[in-house]
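Asks: Okay, here's the structure, questions in a sec.
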Amino acid sequence: MSLDGDPFVGADGLSEGYVVEKVTVTDERCWAAVHAVRAGKEDETPDVTAEVQINNGAWRFVNFYFPSESDPKGWDLLGALKALRNGENR
């Protein structure tokens, strides 16, 4: 496994724009599904879901989830980094 993308702009690089379609807030955590806009059309599947948490009165990124069409959570950045550190293939 290797990382081939940026958690903010995805593996395909910058898009024309980004749209946040769904925000879920539970206690002090928030998940925001971010869809890229390409050729004037918003992607149906989110490119990334950002997880943020309140820490000392400010929202801070906690993790990023990269969904696939078959799995809404797909893989997450922290899990991938841990697997790489441990020499695992995921």
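Residues are listed down the side, and each one gets a yes or a no for (1) on the phi > 0 side of the Ramachandran plot; (2) without any contact (Cβ under 8 Å) to a residue 40 or more places away in the chain:
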site: VAL52; (1), (2): no, yes
site: ASN55; (1), (2): no, yes
site: ASN63; (1), (2): no, yes
site: ASP71; (1), (2): no, yes
site: GLY79; (1), (2): no, yes
site: LEU84; (1), (2): no, no
site: GLY87; (1), (2): yes, yes
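Asks: Please enumerate the residues belonging to region 48-81 that are more than 19 Å from GLU28 (Cα to Cα) and touching an Asp or Glu at 6+ places or on another chain (Cβ under 8 Å).
Replies: PHE66
Asks: If we keep just the residues of region 46-90 that are surrounded by 14 or more Cβ atoms within 10 Å (Cβ to Cβ) and of a type in the set (S, T, N, Q), which is modelled with the lowest pLDDT?
Replies: For region 46-90, the residue satisfying everything is THR49.
The values are calculated or read from the model by the stated rules, or taken from the named source; none is laboratory data. All values derive from a computational prediction rather than experimental measurement. Using ideal geometry, Cβ is built from the backbone for each residue, glycine included, and neighbour counts are taken over all protein chains shown.
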